[in-house]
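Asks: Would you mind keeping the following structure in view while I ask a few things?
Just so it is clear, none of the values below were taken in a lab; they were calculated from the coordinates. Quick caveat, the model's predicted, so the values are computed rather than measured. With ideal geometry, Cβ positions are generated from the backbone for all residues, glycine too; neighbour counts draw on all protein chains shown.
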Amino acid sequence: MKYVSVGDFTFSYVERGKSEKAENVILMVHGFTGDKGIWCLMGKAIPETFHLVAVDLPGHGYTTRKHHDDHSIPAQVAKLHQVHMK
């Protein structure tokens, strides 16, 4: 598991492969009640030539949880756009 900070949020994510060596990068985003772990078995079905990144959205898994924040889809997308994996 890896972490990246964006302002006052810390995002948790897992990845397979390296983007500079990959044919394509796939960002895997879970549903409202899930977390990044739902993608672990799915990754086995995707060729090793793909770089996979599965992230916990705000309020899910090990990413920062702030109960007063907006957890609507547009708000989640806006936060996700701020993430830059290292």
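Asks: What residues have an amide H closer than 5 Å to that of Gly59, excluding those fewer than 5 places away on the same chain, when H is modeled at 1.01 Å from N in the peptide plane?
Replies: Those lying under 5 Å, H to H, from Gly59 are Thr64, Arg65, Lys66.
Asks: Something else now. Kirkwood hydrodynamic radius of the chain from all distinct Cα pairs, in Å?
Replies: Every distinct Cα pair counted, the radius reaches 13.4 Å.
Asks: Which residue fluctuates most in the GNM of the chain (Cα springs below 10 Å): Thr33, Thr49, Thr63?
Replies: Thr33
Asks: Tell me the mean residue ellipticity at 222 nm calculated for the chain from its helices only (DSSP H runs of n ≥ 4, each -39500 (n - 2.57), averaged over every residue, nearest 500).
Replies: Theoretical 222 nm ellipticity from helices: -3000 deg cm²/dmol.
Asks: Would you kindly work out the equivalent ellipsoid of region 19-60 from its C-alpha gyration tensor and give its semi-axes, the square roots of five times the eigenvalues, largest first in whole Å?
Replies: Here the semi-axes work out to 21, 11, 6 Å.
Asks: Also: Using Cα-Cα distances under 8 Å and only pairs 6 or more residues apart, what relative contact order does the chain have, in percent?
Replies: Numbers: 133 pairs, mean separation 28.8, N = 86.
Worked out over the chain, it gives 33 percent.
Asks: Under a Cβ-only charge scheme (Lys and Arg +1, Asp and Glu -1), can you give me the dipole magnitude of the chain about the Cα centre, in debye to the nearest 20?
Replies: For this selection, approximately 180 debye.
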